[in-house]
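The values are calculated or read from the model by the stated rules, or taken from the named source; none is laboratory data. Owing to the predicted nature of the structure, the values given are computational and were not obtained by experimental measurement. Every residue, glycine as well, gets a Cβ built from its backbone with ideal geometry; the counts of neighbours run over all protein chains shown. Surface areas here come from the heavy atoms of the whole protein model, side chains and all, with no ligands, DNA or RNA. Shrake-Rupley method; radii C 1.70, N 1.55, O 1.52, S 1.80 Å.
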Amino acid sequence: MAPPVESRIKELARRAGFDLCGIAPVREFRELHTFPEWIADGNHGEMRYMESRDDAGELKRASLARVAPWARSVIVCAVNYNTAQSYSTQTPDSTHGWISRYAWSREDYHEVVLRRLRQLESLIQQEITNHNPRTTGHGFRSYVDTGPLIERVYAKHAGIGWIAKNTCFINQKLGSWLFLGVILTSLELEADLPAPDRCGTCTRCIDACPTRALIKPGKLDARLCISYLTIEKRGAVPEGLRSEMGRHVFGCDICQDVCPWNRKAPATTAAEFQPREGLVNPALDWLAEMQQEEFSKAFRGSPIRRAKLSGLRRNAVIAMGNSGDTKFAATLRRLADDPDAVVAEHARWALKHLRPNATGAATNE
Ligand code: B12
Ligand code: SF4
Ligand code: SF4
């Protein structure tokens with residue numbers, strides 16, 4: 001007798017390169033009820049795509065059943081992107097910045113994960129169809145980030161881990177350095193049971209967040225989050241937050257670095273996730289003075305393109321201001337007249353922050 005289609009799908013997910021796979025039903029989960037309020041309070045900042053609504057004016061991400069009425073199940077897959085390097089903030093060299101672990105890779109994770117999901121889709125269609133007539137004539141649609149759903153909620157209900165107090169998704173064995181990807185399908189599959197929450201009384205992530213963006217357990221104000229500020233936010237970073245950003249130039253890992261569940265997280269050997277040369281702790285002056293041609297060349301195929309040249313240079317300039325390294329004063333003085341007005345304004349702030357007594361006429365170090 002052929003094994004149940006659900007366990008075949010999980011086997012095939014492994015073959016397609018996933019570390020975890022579970023199945024969630026399409027339901028109005030309790031966790032989704034807080035989303036409209038999260039949006040109404042403006043916690044998403046300038047990420048307008050999160051506000052997108054259906055014809056009835058309902059938030060698309062809050063109800064998959066309305067947006068994809070054909071979907072009966074969600075196959076949720078996760079892949080470990082942890083590599084053997086130490087934490088991004090562990091560089092002792094103040095002239096180098098911090099890039100979050102997920103962005104060190106050679107290839108953008110959206111493409112890597114989507115490729116594996118598509119492979120899984122075709123494995124399910126080609127192989128299982130032979131043994132499980134239930135799968136013939138069914139629809140599949142794969143998403144990484146861009147689907148009308150909050151992936152972590154479905155990952156929880158697919159039984160492969162829990163949504164933690166830092167809002168990240170954690171698996172008991174693998175930790176939280178995981179990318180998620182989902183396949184919506186019209187297949188009526190037997191769903192897994194949600195995994196228990198294992199945060200317990202711990203609050204390390206909340207206590208460690210430099211900008212106090214975790215406003216309560218499981219609730220993030222993205223407007224305060226360094227990840228949002230360095231990746232998604234265009235234009236000026238609110239002045240009151242700049243000095244808390246340390247030397248982060250793209251993303252932030254602090255609430256995951258401190259998490260006990262990541263202490264023994266295994267490292268992957270997958271070539272796609274190994275760091276590019278020079279990206280774990282890039283030189284700040286290289287980033288701050290970068291021009292478009294160099295940016296396009298250095299970050300071809302990398303998730304870092306999302307910050308755009310202006311955003312990345314702005315972030316590097318803030319990091320210089322926070323470095324405490326007066327070697328940067330000369331560069332910052334030059335950048336204070338940069339043709340990019342955002343970079344120039346942040347350079348003036350950084351110069352003042354670096355040398356609180358400087359009147360703008362810093363000495364030559
Ligand atoms: C927008 C977005 C962001 C925003 C907002 C983050 C956020 N927390 O929402 C910003 C730019 C800040 C961001 C940052 C990061 N992101 Co992001 N992001 C997304 C994206 C595209 C949508 C997330 C979303 O819809 N958020 C809406 C809010 C309301 O959802 P939520 O915070 O998860 O809230 C739920 C829970 O809090 C729960 N809940 C409600 N009440 C309570 C109460 C308790 C006690 C608990 C425990 C939970 C709980 O219900 C809420 C849903 O309403 C997803 C991909 C996707 N389509 O899902 C990737 C995604 C979440 N991001 C990812 C990653 C890797 C990151 C970063 C680690 C990158 C980095 N190093 O800088 C950081 C992590 C920061 C953090 N602590 O979350 C991964 C997460 C993988 C994982 N293991 O969790 C995802 C899934 C992308 C992917 N395909 O792999 N991200
Ligand atoms: S990613 Fe950084 S800023 Fe955002 S919640 Fe986590 S620790 Fe705070
Ligand atoms: S640091 Fe503690 S509270 Fe935060 S996610 Fe990890 S286990 Fe949960």
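Phi angles across segment 218-225 convert, under the Karplus curve 6.51 cos²θ - 1.76 cosθ + 1.60 with θ = phi - 60°, into 3J(HN,Hα) values of x, 10, 10, 9, 4, 4, 9, 7 Hz, Gly and Pro given as x.
Need one word for segment 193-275: rounded, prolate or oblate. Basis is the Cα gyration tensor (sqrt eigenvalues a ≥ b ≥ c); a/c below 1.5 gives rounded, then a/b vs b/c decides. In terms of gyration-tensor shape, oblate.
The long axis of helix 308-323 is offset from the longest Cα principal axis of the chain by roughly 60 degrees. Rounded to two decimals, the Cα-based Rg/Rh of segment 2-90, with Kirkwood Rh, is 1.09. In order along segment 253-259, phi translates into HN-Hα couplings of 10, 4, 5, 9, 4, 7, 6 Hz, rounded to whole numbers, per the Karplus curve 6.51 cos²θ - 1.76 cosθ + 1.60 with θ = phi - 60° and x for Gly and Pro. When every Cα-Cα distance of segment 91-191 is counted in 5 angstrom steps from zero, the calculated P(r) takes the values 2, 10, 16, 19, 18, 14, 9, 5, 2, 2, 1, 1, 0 percent.
Before I look further, what does segment 56-146 give for accessible area per residue, probe 1.4 Å, in whole square angstrom? With the other protein chains kept in place, segment 56-146 gives 44 Å² per residue. Other residues lying with their Cβ under 11 Å from the Cβ of Asp19 contribute a combined charge of +3, Lys and Arg counting +1, Asp and Glu -1. Kirkwood's formula applied to the C-alpha pairs of segment 243-342 gives a hydrodynamic radius of 15.3 angstrom. Charged neighbours of Lys173, selected by a Cβ distance under 14 Å, balance to +2 (K, R count +1; D, E count -1). Ligands, DNA and RNA left out, the accessible area of the chain computed with a 1.4 Å probe is 50% carbon and sulfur.
For the peptides 28-38, 326-336, residues were scored by their other Cβ atoms within 10 Å and the scores averaged per peptide; the highest-first order is 326-336, 28-38. The figure for Thr269 is an accessible area of roughly 130 square angstrom, using a 1.4 Å probe on the protein chains alone.
Rolling a 1.4 Å probe across the protein heavy atoms gives segment 180-231 an accessible surface of 47 Å² per residue. If you take the alpha carbon atoms of the chain and fit the smallest convex hull around them, that volume is 147 Å³ per residue. When the surface is traced with a 1.4 Å probe over the full set of protein chains, Ser52 keeps roughly 50 Å² accessible. Ranked by the mean number of other Cβ atoms within 10 Å per residue, highest first, peptides 73-79, 9-15 order as 73-79, 9-15.
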